[in-house]
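These notes are about the structure you will find just below.
The values are calculated or read from the model by the stated rules, or taken from the named source; none is laboratory data. Everything numeric in this text was worked out from a predicted model, so none of it was measured. Methodologically, a virtual Cβ is constructed for each residue, glycine included, from the backbone with ideal geometry; neighbour enumeration extends over all protein chains shown. The protein model used for the area step is the full one, side chains on, heavy atoms only, and it has no ligands, DNA or RNA in it. Shrake-Rupley method; radii C 1.70, N 1.55, O 1.52, S 1.80 Å.
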Amino acid sequence: MKRLVRIIASQEFVLLVVIVALMICVGWINPRFLAERNLQSIFLGNAYIAVAAIGMSLIIISGNIDISVGSLIGVLATLSGTLAVNNVPIVLAWTIPIVVSILITSFMGVLVAYLRIPSIVVTLGMMSVLKGALIVATGGAWINNLPEGFHLAQAHPFGIPMPIWFMVTLTAGAAIWMKYGSFGRSVYAIGGNAEAARLSGIDRERTIVKVFAIHGFFVGIAGILFATQLSIIQSTVPPNLELTIITASVVGGVSILGGTGTVIGSTLAAILIAAIASSLIFVSISPYWLRSVQGILILLTVLADLWRRQRQRRSARS
């Protein structure tokens with residue numbers, strides 16, 4: 001019985017209920033919301049955000065943050081497209097950006113872990129570097145005439161769209177790894193109490209670099225899904241993408257203070273944000289309100305997290 005209560009009270013269950021309730025309500029107001037094409041747009045068109053939010057969740061659980069993630073996805077998508085149109089084998093056009101992503105995020109992890117520079121400063125600097133480099137290198141020109149076979153996100157292995165494969169498989173794998181693997185427990189430990197983690201023998205610096213490297217892997221996958229979902233690639237940084245990814249992690253239950261949260265919650269929150277964005281259009285509300293909704297969701301989630309932590313402290317003292 002206690003286990004059932006814990007499941008019902010969990011952030012993941014609440015998000016699932018909210019997603020279903022939102023779809024039923026908006027579908028009742030405007031049945032076109034539940035049309036197959038719109039549901040595909042919600043789930044497939046935003047799967048790359050859910051994948052990126054997995055890596056972001058690990059970063060935030062470790063007590064850090066990455067606000068360069070949107071710029072990095074833009075750079076990786078452009079790099080992938082540029083390689084493809086220059087006759088580089090398609091497999092390399094997919095894998096090279098992932099390797100580049102891991103190298104860039106690992107470099108940021110080294111700066112955070114060993115030089116003790118706050119992650120918000122490191123990633124803010126990297127965001128500016130990546131944005132500037134992208135504009136200088138491409139002039140904002142779009143990439144088209146992509147070769148046949150490049151569009152990985154449009155494939156349907158066993159009748160299931162590739163973005164769904166990536167989103168579900170990576171979420172499940174990361175969730176199991178974080179819950180049952182020793183590395184996952186180390187990430188929670190340094191995010192919850194870095195000093196206690198050090199005293200228990202956890203190498204804080206090495207763990208943080210590994211977390212940033214793993215985050216780079218997920219961002220690399222997200223960049224490839226983003227690059228291959230349409231017939232052209234816009235050589236620009238998607239606007240406010242980093243805010244959407246961070247919102248998905250935080251609303252999914254990852255504490256902005258570090259130490260707690262799950263990647264399943266962040267994936268569900270990414271779907272919820274996509275559903276809200278679509279809902280605004282179908283109920284004739286300006287889509288510009290989405291930013292306000294995201295801000296409200298973050299504030300409510302952070303307040304709930306603070307309230308939960310205070311209650312735990314009182315319980316521990318009593």
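Here are a few things to note about the model shown:
- Selection status of Ile19, in a helix (DSSP H, G or I), open to solvent by 40 Å² or more (accessible area, probe 1.4 Å) and farther than 30 Å from Val121 by Cα: no
This table checks each residue for (1) assigned to a helix (DSSP H, G or I); (2) over 14 Å from the mean Cα position of the chain (by Cα).
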| position | (1), (2) |
| --- | --- |
| Ile24 | yes, yes |
| Leu39 | yes, yes |
| Ala50 | yes, no |
| Ala53 | yes, no |
| Gly63 | no, yes |
| Ile73 | yes, no |
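- Top-ranked residue of segment 195-211 - restricted to ones that are surrounded by fewer than 18 Cβ atoms within 10 Å (Cβ to Cβ) and either small (Gly, Ala, Ser) or under 22 Å from the mean Cα position of the chain (by Cα) (or both), ranked as nearest to Met56 (Cα to Cα): Ala196
- On inspection, Ser231 passes the criterion of being closer than 25 Å to Ile96 by Cα, modelled with pLDDT under 90 and small (Gly, Ala, Ser).
- Candidates Leu58, Leu83, filtered to the one that is in contact with a helix residue (DSSP H, G or I) (Cβ under 6 Å, 6 or more places away or on another chain), open to solvent by 20 Å² or more (accessible area, probe 1.4 Å), not in a loop (DSSP other than H, G, I, E, B) and not basic (Lys, Arg): Leu83
- Residue in segment 245-266 that is in a helix (DSSP H, G or I), surrounded by fewer than 21 Cβ atoms within 10 Å (Cβ to Cβ) and on the phi < 0 side of the Ramachandran plot present: no
- Cβ-Cβ contacts under 9 Å between residues 6 or more apart (or on different chains), taken from a first residue in segment 280-294 that is within 18 Å of Ile24 (Cβ to Cβ) and open to solvent by less than 90 Å² (accessible area, probe 1.4 Å) to a second residue that is part of a loop (DSSP other than H, G, I, E, B) and not hydroxyl-bearing (Ser, Thr, Tyr), are listed as Leu280/Pro287; Phe282/Asn30; Val283/Asn30.
- Among the residues of segment 288-304, those that are over 19 Å from the mean Cα position of the chain (by Cα) and of a type in the set (Gly, Ala, Ser) comprise Ser292, Ala304.
- Residue match in segment 232-246 (condition: hydroxyl-bearing (Ser, Thr, Tyr), within 17 Å of the chain's Cα centre (by Cα) and under 30 Å from Ala21 (Cα atoms)): yes
Let's see how each residue does on (1) among the hydrophobic types (A, V, I, L, M, F, W, C); (2) farther than 19 Å from Val219 by Cα:
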site: His156; (1), (2): no, yes
site: Pro161; (1), (2): no, yes
site: Met167; (1), (2): yes, no
site: Leu170; (1), (2): yes, no
site: Gly173; (1), (2): no, no
site: Ser182; (1), (2): no, yes
site: Arg185; (1), (2): no, yes
site: Gly191; (1), (2): no, yes
site: Ala196; (1), (2): yes, yes
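- For Phe33, the conditions (1) of a type outside the set (Gly, Ala, Ser); (2) in a helix (DSSP H, G or I); (3) open to solvent by 60 Å² or more (accessible area, probe 1.4 Å) are fulfilled apart from (3).
- Neighbours by Cβ (under 9 Å, 6+ apart or cross-chain): first from segment 139-167, on the phi > 0 side of the Ramachandran plot; second surrounded by 14 or more Cβ atoms within 10 Å (Cβ to Cβ): Gly139/Ser235; Gly140/Leu134; Gly140/Gln234; Gly140/Ser235; Gly140/Thr236; Asn145/Val85; Gly149/Ile90; Phe158/Trp165
- Residue among Ile214, Ile221 that alone is open to solvent by 30 Å² or more (accessible area, probe 1.4 Å), of a type outside the set (Asp, Glu) and under 14 Å from the mean Cα position of the chain (by Cα): Ile214
- Leading residue by the ranking (modelled with the lowest pLDDT) among those in segment 150-168 that are part of a helix (DSSP H, G or I) and open to solvent by 70 Å² or more (accessible area, probe 1.4 Å): Phe158
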